[in-house]
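Chemist: Handing you this structure, nothing more for now.
The values are calculated or read from the model by the stated rules, or taken from the named source; none is laboratory data. For clarity, every value in this text was computed on a predicted model and none was experimentally measured. Counting neighbours? That spans all protein chains shown, and the Cβs are built from the backbone with ideal geometry, glycine included. These accessible areas exclude ligands, DNA and RNA; they are computed on the full protein's heavy atoms, side chains included. Shrake-Rupley method; radii C 1.70, N 1.55, O 1.52, S 1.80 Å.
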Amino acid sequence: MTESSQNPWQVCVIGAGPGGYVAAIRLAQRGMRVALIEKNAVGGVCLNWGCIPSKALIHAASILDGLRGADKMGILVDNPRVDFARLMGWKDGVIHKLQGGIRQLLGAHGVTLIEGEAEFLTPHRLQVRPAQGDVLTLDAENFLIATGSSPQALPGLAVDGQRMLDVRDLLSMTTLPASLAVIGGGVIGLEMAMAFSKLGAQVTVLEALEDILPDIDPDCRQILKRALKRRKISLKTGVRAGLSPDASQSGPLLTLSCLDDAGQTTSLAVEKALVAVGRSPNTASLGLARAGLATDERGFIPVDAQCRSRSAHIFAIGDVTRGPLLAHRASHEGLVAAAAIAGDGAASVDTRAMPAAVYTDPELASVGWTEAQARAAGREVRIGSFPLQASGRALTMDAGDGLVKLIADAQTDELLGAHIAGPHAADLIAEAALAIELGASAADVAMTVHAHPTLPESLMEAAEALHHQAIHLYQKP
Ligand code: FAD
Ligand code: NAI
C-alpha cells in the first residue's frame, strides 16, 4: 500500500473497458503508478462485443442496403449480397486493430496491465486470479472499479448460444440466420433488428411495453417506427416472449410463444432469437463486502459526483454505477475519477450535455432535456423543428425522412435540448452538445454560419424556426 510494500500501486483500476482504460491512462498522465486489471479482453464490452462490432455490422449492412436501393439513382448492381463469414472476419479485424492501439497506449503511458479476475480481500488488497498461473495479491492506496455490465437473463428463456442468443453470441455468428426474433425493443434490439434486416434476415421485434424507446422524443420515435414498417420489420409491442410449451424445439426452428396484454398467445417460429432486455452491473464476484462496500437493490455501486464510493479510497465508474449505460459516460467518469484521485477537489461529473445515440436507420440522437422534461423542470419552453425533407443535403443523400428539434427556454433563449432523427444524427448531435455545454442560446446556433450543403444546416434552421424565422420552411405568422 505504500512505496515500501510489495506491490506499491497508487491506483488499481479493475476492468479495462472504456471507463477503466481511459481512467488508467489519465492517472498515468497525472504521474501516478497504475495497475489495470482485466479478466477478459482489453477494451471491454464496448470494443469487443458492443459499440464497435455492432457499428461495424451496421455500417456494412447499410452499404448493402444502399446498393440495393441505388437503381433509382441510375446505379445498377446485379444481385448485391453478403458473404457473412467475411463480414464478421472484417469486423474482427477492426476490433483487433483497436485492441492493439489501446495496448500500445497503455504501454506508452507506463500503465501496467495485469490479466486476471480481481476480487477484494480487504479494503486495500485485491486477489487477482489469472486464466493460467499463480494467483497474485495487489495492495493499493486507491481503487477504481470499472467492471461494466452483462446481459440480463429472461426467466424461462435461457440463452444457449446456439439458437437463443445474447448480443455477444449474435455478434460472433458466422452464418446469417434467415429469421431472427429480437426479444426487447430497446437500443440493442432495434439496432440489431435494423442491421440484420438490411443483411437479409426476416426480423420480428417483441417488446413488452406498449411502445419502444419511451425516453426518446415522440416525433423522433414515430420516424423510426415508420422506417421499421417500411423495412417490413415486424414490431409487436405489449408482448412478452416465452418458449412455446407444445412446440418441438429440436427441429431447425425455435418456437416462441408471444403473450400479449390482452392475454392472447400466438407462436413465432424463427431460426434464432436474440434476448436483449437490459443489462445488469458486474458486482457479484468482486468481494465488495470485504472492501466495506454494498450495492444498491439493483446491484449498482452507489457513488457521489466524483464517482467516490462510501469508502473514500474506492471509486466506481461506468456501467457498474447508476446512469445511462453508455461508453462515453464511462470514459467521462473515468476522467473525473482520475482527477479526483489525483487530488482535484473540483472535478465532478456533468451529465447536462451527455449525448445519446441510437444507430438505427434513421439514426436517433439527443442531448439535454426533452420537451416533457423541460416543462417538468418548470421551464417555459419554445420549440423549433426543421424537417429533413427541406434539407438539400438530406435529399442529395436520399434521406429526407427525419427532423431536427431544438428546445430552448422561452425567457432566456438558453438551449435546453436537441433531438434528431436522420442520417448521421449521432455525429450531428455534437454541435448541440457543445452549445449546451457552453450555455449557448438558440440565437447563437442560428447565427453560426454553417457550410452549405450540409446536414448541420438543419440545426441552424431549427434554431431559426424556434424564433419563427426559418428560411427554408414556411411558418404561419
Ligand atoms: P465494460 O466495457 O463492460 O468493461 C468492463 C471490463 O471489466 C470488461 O472488460 C470485463 O471483462 C472487466 N471485468 C469485469 N469484472 C472484472 C474483474 N472482477 N476483474 C477484472 N476485470 C473485470 N455505448 C455507447 O455509448 N455507444 C454505443 O454505440 C454502444 N453500443 C453498444 C452495443 C452493444 C451491443 C452493447 C452490449 C453495448 C453498447 N454500448 C454502447 C454500451 C457500452 O458498451 C457500455 O456502456 C460500456 O462498455 C461501459 O463501459 P465500462 O468501462 O463501464 O464497462
Ligand atoms: P434497454 O433497456 O435499452 O431495452 C430493453 C428492452 O427490453 C426494454 O424496452 C424493455 O421494455 C424490454 N423488455 C424487458 N423485458 C422484456 C420481455 N420479457 N419481453 C420483451 N421485452 C422486454 O436494454 P438493451 O437493449 O439490452 O441495452 C442495454 C444498454 O446498452 C442500453 O440501456 C444502452 O444504454 C446500451 N446500449 C447503447 C447503445 C448506444 O448508445 N447506441 C447501443 C446498444 C446498447
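Chemist: Can you run phi through the Karplus equation (6.51, -1.76, 1.60; θ = phi - 60°) for region 40-55 and list ³J(HN,Hα) in whole Hz, with x for Gly and Pro?
Modeler: Whole-Hz 3J(HN,Hα) from phi for region 40-55: 10, 10, 4, x, x, 4, 3, 7, 8, 9, x, 3, 6, x, 5, 6.
Chemist: Quick check for me: using +1 on Lys/Arg Cβ and -1 on Asp/Glu Cβ, what's the dipole size of region 175-221 about its Cα centre, in debye to the nearest 20?
Modeler: Dipole about the Cα centre, nearest 20: 360 debye.
Chemist: Which percent, nearest 5, of DSSP beta bridges in the chain are antiparallel?
Modeler: 60 percent
Chemist: How far is the Cα center of region 207-284 from the Cα center of region 146-194, in Å?
Modeler: Going from one Cα centre to the other spans 11 Å.
Chemist: Here is a follow-up. Which Cα, out of P80, A108, G93, lies furthest along the positive dipole direction of region 77-119 (beta carbon charges, K/R +1, D/E -1)?
Modeler: Toward the positive end, the furthest listed residue is P80.
Chemist: With only alpha-carbon atoms in the gyration tensor, what are the semi-axes of the equivalent ellipsoid for region 76-210, in Å, largest first? Before the final figure, lay out each step's value.
Modeler: Values: eigenvalues 286, 98, 36 Å².
Output for region 76-210: semi-axes of 38, 22, 13 Å.
Chemist: Given points 7 Å out from each Cα along the Cα-Cβ axis, report the K232 to T351 separation in nanometres with one decimal.
Modeler: That separation, rounded to one decimal, is 4.2 nm.
Chemist: By average Cβ neighbour count within 10 Å, what is the ranking of 130-139, 113-122, 84-93 from highest down? Kindly include the intermediate steps, with their values, before the conclusion.
Modeler: Numbers: 130-139: 12.7, 113-122: 18.7, 84-93: 14.8.
Those peptides, ordered most packed to least, come out 113-122, 84-93, 130-139.
Chemist: Show me, for region 94-109, the HN-Hα J-couplings you get by feeding each phi into the Karplus relation (A = 6.51, B = -1.76, C = 1.60, θ = phi - 60°), rounded to Hz, glycine and proline as x.
Modeler: Each residue of region 94-109 in turn: 4, 4, 4, 5, 5, 4, x, x, 5, 4, 4, 5, 4, x, 4, 8 Hz.
Chemist: Turning to a different aspect of this structure: Can you give the Rg/Rh ratio of region 359-459, where Rg is from the C-alpha atoms and Rh is the Kirkwood radius?
Modeler: Here the Rg-to-Rh quotient is 0.97.
Chemist: Now for a different question. Roughly what % of Cα-Cα distances in region 311-404 sit above 17 Å, to the whole percent?
Modeler: 66 percent
Chemist: With every protein chain present, what accessible area does H59 have (1.4 Å probe, heavy atoms only), rounded to the nearest 10 Å²?
Modeler: So the heavy atoms of H59 present about 110 Å² to solvent.
Chemist: Restrict the search to region 371-477; then list the GluC sites (Glu not before Pro) that DSSP places in a loop and that have at most 12 other Cβ atoms within 10 Å of their Cβ. Display every interim value, and only then the final one.
Modeler: Values: sites: E371, E380, E414, E431, E437, E457, E461, E464; in loops: E380.
Sites meeting the loop and neighbour criteria: E380.
Chemist: Where the centroid of each part is defined by its Cα atoms, how far is region 380-430 from region 93-111 in Å?
Modeler: With region 380-430 and region 93-111 each reduced to a Cα centre, they are spaced 36 Å.
Chemist: What FRET efficiency comes out for A294 versus N40 if R0 is 30 angstrom and r is the Cβ-Cβ distance? Round to the nearest 0.05.
Modeler: 0.75
Chemist: Working with all protein chains in place, sort L154, L395 by solvent-accessible area computed with a 1.4 Å probe, largest first. Numbers along the way, then the final one.
Modeler: On the way: L154 45, L395 90 Å².
The ordering from most to least exposed comes out as L395, L154.
Chemist: Helix-derived [θ] at 222 nm for the chain: sum -39500 (n - 2.57) over DSSP H runs of at least 4, divide by residue count, nearest 500?
Modeler: -9000 deg cm²/dmol
Chemist: Subtracting the Cα-Cα distance from 0.36 nm times the residue separation, let me have the gained length for R129 to T174 in nm, one decimal.
Modeler: Working: separation 45, 0.36 × 45 = 16.20 nm, distance 3.15 nm.
Between R129 and T174, full extension yields an extra 13.0 nm.
Chemist: Rank these residues by their accessible area, most exposed first, probe 1.4 Å: Y474, Y359.
Modeler: Details: Y474 175, Y359 75 Å².
From most accessible down to least: Y474, Y359.
Chemist: Tell me whether region 116-155 comes out rounded, prolate or oblate; compute the Cα gyration tensor, take square roots of the eigenvalues as a ≥ b ≥ c, and use a/c under 1.5 as the rounded threshold.
Modeler: Oblate is the answer for region 116-155, as a/c is 1.5 or above yet b/c matches or exceeds a/b.
Chemist: Would you please put 65-71, 214-220 in order of how densely packed they are, using the mean number of other Cβ atoms within 10 angstrom per residue and starting with the highest?
Modeler: Top of the packing list down: 214-220, 65-71.
Chemist: To the nearest 10 square angstrom, how much accessible area does T295 have with a 1.4 angstrom probe?
Modeler: 60 Å²
Chemist: Name the residue farthest towards the positive end of the dipole of region 332-394 from the options W369, A353, Q389, assuming +1 on Cβ of Lys and Arg, -1 on Cβ of Asp and Glu, about the Cα centre.
Modeler: Result: Q389.
Chemist: So what are the ³J(HN,Hα) numbers for region 285-293, from phi and the Karplus equation (6.51, -1.76, 1.60; θ = phi - 60°), rounded to whole Hz, Gly and Pro as x?
Modeler: 9, 8, x, 4, 4, 5, 9, x, 10
Chemist: Separate question: Could you tell me the largest-minus-smallest coordinate of the C-alpha atoms of region 427-474 on each of the three principal axes, in descending order and whole angstroms?
Modeler: 30, 22, 15
Chemist: Give me log10 I(q)/I(0) at q = 0.06, 0.07 Å⁻¹ for the chain, Debye formula, one equal scatterer per alpha-carbon, no solvent.
Modeler: -0.31, -0.42
Chemist: For region 26-149, with the dipole built from +1 on Lys and Arg beta-carbon atoms and -1 on Asp and Glu ones, taken about the Cα centre, which of A61, V42, N142 lies farthest toward the positive end?
Modeler: Farthest along the dipole direction, towards plus: A61.
Chemist: Please give the peptides 156-165, 222-231 ranked by average Cβ packing (other Cβ atoms within 10 Å per residue), highest first, as a rough proxy for protection.
Modeler: Output ranking for 156-165, 222-231: 222-231, 156-165.
Chemist: As a test question: what accessible area, to the nearest 10 Å², does R125 have when a 1.4 Å probe is rolled over all protein chains in place?
Modeler: 100 Å²
Chemist: Under 4 °C and 1.567 mPa s, how fast does region 27-147 diffuse according to Stokes-Einstein, given a Kirkwood radius computed over C-alpha pairs? Answer in µm²/s, whole number.
Modeler: Estimated diffusion coefficient is 73 µm²/s.
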